[in-house]
Amino acid sequence: MTWKHLCAASKLLDGEPLGFKIGDQRVALYKVDDHIYATDDVCSHAFALLSTGFLEGHVVECPLHGAMFDIRDGKCRSGAYKDVRSFGVEVRDGEVHVDIDEGAANEERPDHTPGAEA
């Protein structure tokens, strides 16, 4: 596991995605109903940041292609696009940490639903 600190949980607003860059990796955080979720920030179709997309409930829509992804598991909910990775999230002492290695493991664990209470 490789846990990375991203920000204070208080920085996240309900329904407003926020993007981060960790080395070469881009991660989007989402806060919905006091739970925090993390996915790849780049659409699986072509380069567009999901953190600049439209979040409705647990689904984020790519601002460029209209592809829709469930932020809980990264599954594509519209179109013939590939899923995006989702990542484990922990809130420790009010700070958000994301397991950037977990995204690859999600494909092997379809029952896994990442997310942490804010």
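The values are calculated or read from the model by the stated rules, or taken from the named source; none is laboratory data. It should be emphasised that the depicted structure is a prediction, and the values quoted were computed from it without experimental measurement. All Cβ positions, glycine included, derive from the backbone under ideal geometry; neighbour counts span all protein chains shown. Areas reflect the complete protein model, heavy atoms only, side chains present, ligands, DNA and RNA absent. Shrake-Rupley method; radii C 1.70, N 1.55, O 1.52, S 1.80 Å.
Within the same chain, lysines fewer than 8 places from LYS82 are excluded, and of the rest, those with a Cα less than 27 Å from its Cα are LYS4, LYS21, LYS31.
Taking Cβ separations below 4.7 Å as the criterion for a possible disulfide partner, the isolated cysteines in the chain are CYS7, CYS76. Sorting the segments 27-40, 52-65 by their residues' average number of neighbouring beta-carbon atoms within 10 angstrom, most packed first, yields 27-40, 52-65. With r defined as the distance between the Cβ atoms of ALA46 and GLU95 and R0 fixed at 35 Å, what FRET efficiency is calculated, to the nearest 0.05? The computed FRET efficiency comes out at 0.60. The convex hull around the C-alpha trace of the chain, projected and averaged over every direction, spans 6.5 square nanometres.
Helical content alone sets the calculated 222 nm signal of the chain at -1000 deg cm²/dmol, taking -39,500 (n - 2.57) per DSSP H segment of four or more residues and averaging over every residue. The figure for SER10 is an accessible area of roughly 100 square angstrom, using a 1.4 Å probe on the protein chains alone. Which of HIS58, TRP3, VAL42 sits closest to the plus end of the dipole of the chain, meaning its Cα is farthest towards the positive end, when Lys and Arg get +1 and Asp and Glu get -1 on the C-beta? Of the listed residues, the answer is VAL42.
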